[in-house]
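Student: Input: one structure, supplied below.
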Amino acid sequence: MSVTAAQQAITQGALDAIFSDPEHVEQHFPVPVLQCLQIKPLAAQQGPSGPQPERYRVVLSDIRNYVQCMLATQANHVIHNGALVRGCLVRVKSYQANAVKGKNILIILDLDVASELGVHDRIGEPQAFEAKPQTGNAAIGGSNFYGAKTESSAPAIKSEPMSSRMGGNTTSHSNGNNVVYPIEALSPYAHKWTIKARVTQKSDIKTWHKASGEGKLFSVNLLDESGEIKATGFNEQCDQYYDLLQEGQVYYISNPCRVSLAKKQFSNLPNDYELTFERDTVIEKAEDQSSVPQVRFNFVNIQELQSIEKDATVDVVGVLKDVGEVSSITAKSTGRPYDKRELTLVDDSQFSVRLTLWGKTANSFAAQPESIVAFKGVKVSDFGGRSLSLLQSGTMSIDPDIEEAHRLKGWYDSQGRTDSFANHNNMSSMGNATGRVDQTRVISQVKDEGLGMENTDYFNLKATIVYIKQENFAYPACSSEQCNKKVVDQGDGTWRCEKCNISHAKPQYRYIMSVNVNDHTGQLWLSCFDDVGRVIMGMTADELMEIKENDEDRVPGIFEAANCSKLHFRCRAKMDTYGENQRVRYQVMSASPLDFRAEALKLSDMIKQFGISS
């Protein structure tokens, strides 16, 4: 289509109307047609709940003005299918307009690419549309874009297409005719909204007692097709809404209901906001209970857990391979006992993982081995490599009627029952201090990239030990728990720790080793402490020192036997000062023998990824 025809199709003045006259914009511009000037993916974010959903920023123009826009994740399909490109024209079917800190932001909830109108260079000379000053509750001088008086300058939301996404329901609710918002569109700037959502989880009532007072609260997780959000009721609202809100039921919830930034330490949901019920919050059970999904899973397979950040919250589904007995542990911090039960899950990534249930859930768990179990809200731990723990706010479903469960059941019945599985033991791959995934490097990359020169860097390395310094390979340490400080021989058969201010009959020797490792690109000196020394030498430092004292001639052979071992090292590179000289020190944080099955699977995946065939 010609540029002239495209220019005529664009809805000039639509952006000014959207932000300046939200009450009447739909009458004049029911479906604005705008030109896409720019598309930019936002940097991937890692949150406490794990990787956040992908986000895209676009710039849209109506020829007169342009504005920054954010695609809601439900609209990302136009990116994935390649339809949205720079220069194309789009029909904006659903949106929410916000003015934040003097800047206009348009959240695009639904749009179509008008491919029949073609792709063109920028049409016209649009100017940035700036937020306009407000006077009282009225827009500019108390008049709207068309000169009529307005009651409010609240951001507009055009929601006519929501009916198709909300199961065919109308987009207004009988209580005040509030617009039905998708959960993903909620923000502190939203105005007169109603959500239609299912309660997927409800907590017990919790109480607190402090010097400043006491109180109680409960929380629910709410789900619709666009996303999830946590809502909390305190004190009177706890009494008001606790019995009304039931797990599995669908409700209309309308403001007044406070929207605020989410406290991530208390929620495992991937939402930047959370709700707080107020005295006049309106909650009504929906007649249509089928139009809202039952639960939303974002599964990761078990193999992928080795690249998930420690303490992240994920969803997993697997075949129940083993069910442990209930046992009890005592928390060091509180002295309180807790019941626990450990499960083993496997999936078709050929990996297994240990998952721990706690308290009532551990005692009531009754699923049989070979059941398919889906978990929502499990915490990733690096204890023993990678393990999982079901959070108090998490849920589980046994043999759920979902596609992933049926697929796993078919795989397990056909071949998985006889397969062997790798595990994540001693396969930590995360930089705990940085919260970033440790990248696997070869030795030449470690040096060429200057790891540790400016910042503390973490990396993974697969290398072969070629030499171990035998001088001063261990030191006498305090045997008190969590101390490990060097002790001094008193000359009377006792060893004194200055830190603990006590003497021991004998020390506990701990490794402090320097090893040289090689790969096909070069060599590197690594510093190793006790845990890593045990992996390398195959015995404790106490055992090796006893051999040295009783039969010193055996020691060189033991070191020689430890050479030529190929290990997986997780390392830290950090600038170190010795005297007046600075150098990068490479310290091994953990080490483990290579899991050749897992390595073979990685190579197989790489071959498939790059389309290499025989």
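The values are calculated or read from the model by the stated rules, or taken from the named source; none is laboratory data. All figures in this text were calculated on a predicted structure; none of them were measured in a lab. Heads up, the Cβs are rebuilt from the backbone with ideal geometry, glycines too, and the neighbour counts pull from every protein chain shown.
Student: Within segment 544-556, track down each residue that is surrounded by 14 or more Cβ atoms within 10 Å (Cβ to Cβ) and out of contact with any Pro (no Cβ under 9 Å at 6 or more places or on another chain).
Tutor: If the condition is that a residue be surrounded by 14 or more Cβ atoms within 10 Å (Cβ to Cβ) and out of contact with any Pro (no Cβ under 9 Å at 6 or more places or on another chain), then Leu544, Ile547, Lys548, Val555 are the ones that fit.
Student: Is it the case that segment 324-341 has a residue that's closer than 19 Å to Glu404 by Cα and surrounded by 14 or more Cβ atoms within 10 Å (Cβ to Cβ)?
Tutor: No, segment 324-341 contains no residue that is closer than 19 Å to Glu404 by Cα and surrounded by 14 or more Cβ atoms within 10 Å (Cβ to Cβ).
Student: With respect to Val292, is the statement that it is within 13 Å of the chain's Cα centre (by Cα), crowded, with 20+ Cβ neighbours inside 10 Å and not hydroxyl-bearing (Ser, Thr, Tyr) true?
Tutor: no
Student: So Gln246 clears everything in (1) more than 24 Å from the chain's Cα centre (by Cα); (2) modelled with pLDDT under 90; (3) among the polar types (S, T, N, Q); (4) surrounded by fewer than 21 Cβ atoms within 10 Å (Cβ to Cβ) except one condition, right? Which one?
Tutor: Answer for Gln246: the failing condition is (2).
Student: Just to be sure I understand the filter: pairs with C-beta atoms under 6 Å, separated by 6 or more residues or on different chains, first member in segment 320-339 and more than 16 Å from Pro369 (Cα to Cα), second member of a type in the set (A, V, I, L, M) and modelled with pLDDT of 85 or more. Which pairs pass?
Tutor: Asp339/Val326; Asp339/Ala362
Student: Another question about this same structure. Identify, please: which residue in segment 264-289 is within 15 Å of the chain's Cα centre (by Cα) and touching a residue at least 60 places away in the same chain (Cβ under 8 Å) and is, among those, farthest from Gln237 (Cα to Cα)?
Tutor: Going through the qualifying residues, I end up with Pro270.
Student: Still on this model: For segment 510-518, indicate whether the set of residues that are closer than 16 Å to Ser479 by Cβ, in the same structural domain as Asp457 (by TED's automatic domain parsing), among the β-branched types (Val, Ile, Thr) and surrounded by 15 or more Cβ atoms within 10 Å (Cβ to Cβ) is non-empty.
Tutor: no
Student: Within segment 75-90, is there a residue that is assigned by TED's automatic domain parsing to the domain that holds Glu54, among the polar types (S, T, N, Q) and not in a loop (DSSP other than H, G, I, E, B)?
Tutor: Checking segment 75-90: not a single residue is assigned by TED's automatic domain parsing to the domain that holds Glu54, among the polar types (S, T, N, Q) and not in a loop (DSSP other than H, G, I, E, B).
Student: Out of Lys285, Lys321, Lys340, which single residue is in contact with a strand residue (DSSP E or B) (Cβ under 6 Å, 6 or more places away or on another chain) and under 30 Å from Ser604 (Cβ atoms)?
Tutor: Being in contact with a strand residue (DSSP E or B) (Cβ under 6 Å, 6 or more places away or on another chain) and under 30 Å from Ser604 (Cβ atoms) holds for just one of Lys285, Lys321, Lys340, which is Lys321.
Student: Do any strands (runs of 3 or more DSSP E) entirely within segment 309-382 hold 3 or more residues that are not hydroxyl-bearing (Ser, Thr, Tyr), and if so, which?
Tutor: Correct list: 313-323, 337-346, 352-358, 372-381.
Student: Next up: Being more than 23 Å from Ser267 (Cβ to Cβ) and modelled with pLDDT of 90 or more is the filter here; which residues of segment 374-409 pass it?
Tutor: Ile398, Asp399, Glu404, Ala405, His406, Arg407, Leu408, Lys409
Student: If I ask for residues that are surrounded by fewer than 18 Cβ atoms within 10 Å (Cβ to Cβ), modelled with pLDDT of 85 or more and acidic (Asp, Glu), which ones from segment 295-317 would you list?
Tutor: Within segment 295-317, just Glu304 meets the criteria.
Student: When you check Tyr475 against the structure, is it under 22 Å from Ser592 (Cβ atoms), modelled with pLDDT of 90 or more and not in a loop (DSSP other than H, G, I, E, B), yes or no?
Tutor: Spelling it out, it is not the case that Tyr475 is under 22 Å from Ser592 (Cβ atoms), modelled with pLDDT of 90 or more and not in a loop (DSSP other than H, G, I, E, B).
Student: Any idea which residue in segment 206-227 is nearest to the chain's Cα centre (by Cα), counting only those that are surrounded by 13 or more Cβ atoms within 10 Å (Cβ to Cβ) and either modelled with pLDDT under 85 or over 17 Å from Asn268 (Cα atoms) (or both)?
Tutor: If we take residues in segment 206-227 being surrounded by 13 or more Cβ atoms within 10 Å (Cβ to Cβ) and either modelled with pLDDT under 85 or over 17 Å from Asn268 (Cα atoms) (or both), then Gly227 is nearest to the chain's Cα centre (by Cα).
Student: Is there a residue in segment 562-570 that is of a type in the set (A, V, I, L, M) and within 17 Å of Ile512 (Cα to Cα)?
Tutor: yes
Student: Mind checking which residues of segment 1-29 are farther than 22 Å from Arg86 by Cα and either under 36 Å from the mean Cα position of the chain (by Cα) or without any contact (Cβ under 8 Å) to a residue 40 or more places away in the chain (or both)?
Tutor: Result: Ile18, Phe19, Pro22, Gln27, Phe29.
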